[in-house]
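Written below as structure tokens is the structure these notes are about.
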Amino acid sequence: MQHKGFTLERVLHFRRETEKLRKLDFATAKQEYELAEDRLRREEEAMETLNLEYMTRQIEGICAHELQLYSDFFQKKSKDILCQREEVCTLDQTMVEKQDDLIAAARDKKMMEELKKKKIKAHKKVLADKEQNFLDEIALRTRGLE
């Protein structure tokens, strides 16, 4: 008897492709998150550098016009940092969702692969049983001829 193949092979193929797509989605989301986190870190470092420069300028003496420029720039940088933190939080949430989707897709694929293994094992057992029955019948017939 010839092996018919796994009847759900198309479903298994679909699950494998879905997992690949989810991996790509997760990798993209992770990369976007890491880039946003890096931008936030750079913004915070720039703010710290600006703060040190401002303190140095205060010690040396600063005019009212420059003081106003620093104040405006601090406000702008603070808003930028706040916006960047919000973006990092949003991208983190997206990354976690994509990771959950990937885990679900991997679990679905694994389930189909296990089902395929069980079907193949069951088919091999059926073939082995048929072969054993055939050999038993041959053995009975040869004993009957003796």
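Contact annotation: no residue pair with Cβ atoms under 6 Å, 6 or more positions apart or on different chains, pairs a residue in the range 103-117 that is farther than 21 Å from ASP25 by Cβ with a partner that is among the small types (Gly, Ala, Ser) and in a helix (DSSP H, G or I).
Might you check whether a residue that is out of contact with any Lys or Arg (no Cβ under 6 Å at 6 or more places or on another chain) and not in a helix (DSSP H, G or I) occurs anywhere in the range 123-146?
yes
For the range 45-56, filtered to residues that are loosely packed, with under 15 Cβ neighbours inside 10 Å and touching a helix residue (DSSP H, G or I) at 6+ places or on another chain (Cβ under 9 Å), the residue that is nearest to ASP101 (Cα to Cα) is ALA46.
No other residue among ILE59, ILE120, ILE103 is assigned to a helix (DSSP H, G or I), of a type outside the set (D, E, K, R) and loosely packed, with under 10 Cβ neighbours inside 10 Å apart from ILE59. Among the conditions (1) in contact with a helix residue (DSSP H, G or I) (Cβ under 8 Å, 6 or more places away or on another chain); (2) of a type in the set (Lys, Arg); (3) exposed (fewer than 13 other Cβ atoms within 10 Å of the Cβ), LYS30 misses just one, which is (3).
Results for (1) closer than 30 Å to ALA46 by Cα; (2) more than 22 Å from the chain's Cα centre (by Cα); (3) among the hydroxyl-bearing types (Ser, Thr, Tyr); (4) at pLDDT 95 or above, shown as yes or no for each residue.
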| site | (1), (2), (3), (4) |
| --- | --- |
| ILE62 | yes, yes, no, no |
| GLU66 | yes, yes, no, no |
| GLN75 | yes, yes, no, no |
| ASP92 | yes, no, no, yes |
| LYS119 | no, yes, no, no |
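Among the criteria (1) under 43 Å from the mean Cα position of the chain (by Cα); (2) aliphatic (A, V, I, L, M); (3) more than 25 Å from THR28 (Cβ to Cβ), the one ALA139 does not fulfil is (1). Scanning the range 4-27 for residues that are within 17 Å of ASP101 (Cα to Cα) and of a type in the set (Lys, Arg) turns up ARG15, ARG16, LYS20, ARG22, LYS23.
The values are calculated or read from the model by the stated rules, or taken from the named source; none is laboratory data. Not measured: the values here are computed from a predicted model. Ideal geometry is used to build each Cβ from the backbone, glycine not excepted, and the neighbour counts take in all protein chains shown.
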